[in-house]
Amino acid sequence: MNLGVTVVKTVGILQLLDEYIGGFGSFSVGNFNDKTLAEFYPEYCGFELDPHIFRYIGRNVHEKFIAIFFSAPPDQRADIIRGVLKRFPLNAPSHCPKSRTQDLYAELLGVAEGLESLSLQLA
């Protein structure tokens, strides 16, 4: 696996998540704070993170989200993407950026499926 290609693809995925969630390019991610970000992973992604990790990574929610995404294996990245799609539904009444479209939802779902396939190939 080419690490440079993997990093470029990951950055592209993060840009898609930015468009979908909204507010990602700032110091926040959607309407997450430290507590809700820590709750997000077990509730929406189906895996636990050591809650103490949040003290040691990143200065803000944006940096923490990115650090966790970059450090996750492909199957957990897929879980994070699916968790984002569940946590921020298309028809959310508030804080829904105009860039959150059905096409972007479908594209992110396709990325999640690709990451799961990659995970199976690596296993």
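Here segment 100-123 is the region considered, the condition is being modelled with pLDDT under 85 and among the polar types (S, T, N, Q), and the residue that is surrounded by the fewest Cβ atoms within 10 Å (Cβ to Cβ) is Q121. The residue that is nearest to P89 (Cα to Cα), among those in segment 27-62 that are modelled with pLDDT of 80 or more and among the β-branched types (V, I, T), is T36.
So in segment 9-26, with the set limited to residues that are part of a helix (DSSP H, G or I) and among the hydroxyl-bearing types (S, T, Y), which one is modelled with the highest pLDDT? Full working, then the answer.
First, pick out the residues of segment 9-26 that are part of a helix (DSSP H, G or I): 9-21.
Filter again for among the hydroxyl-bearing types (S, T, Y), leaving 10, 20.
On the way: T10: 69, Y20: 85.
Per the stated criteria, the residue is Y20.
Of all residues in segment 34-47, those that are hydroxyl-bearing (S, T, Y) have Cβ atoms under 8 Å from Cβ atoms of residues that are surrounded by 14 or more Cβ atoms within 10 Å (Cβ to Cβ), 6 or more apart or on another chain, in Y41/L49; Y41/I68; Y41/I80; Y41/G83; Y44/R82; Y44/G83; Y44/V84; Y44/R87. Quickly run through segment 47-62 and pick out the residues that are in a helix (DSSP H, G or I) and over 22 Å from R82 (Cβ atoms). Passing the criteria: R55, Y56.
Against the criterion of being part of a helix (DSSP H, G or I) and of a type in the set (S, T, Y), S99 does not qualify.
The conditions of being farther than 14 Å from I21 by Cβ, within 14 Å of the chain's Cα centre (by Cα) and among the hydrophobic types (A, V, I, L, M, F, W, C) are met by A38. A search for C-beta distances below 7 Å between a residue of segment 52-63 that is surrounded by 13 or more Cβ atoms within 10 Å (Cβ to Cβ) and any residue that is hydroxyl-bearing (S, T, Y), counting only pairs 6+ apart in sequence or on different chains, returns V61/S28; H62/S26; H62/S28.
The values are calculated or read from the model by the stated rules, or taken from the named source; none is laboratory data. Worth saying up front: this structure is predicted, and the values here are computed from it rather than measured. Because the Cβ atoms are built from the backbone with ideal geometry, glycine has one as well, and the counts that use them run over all protein chains shown.
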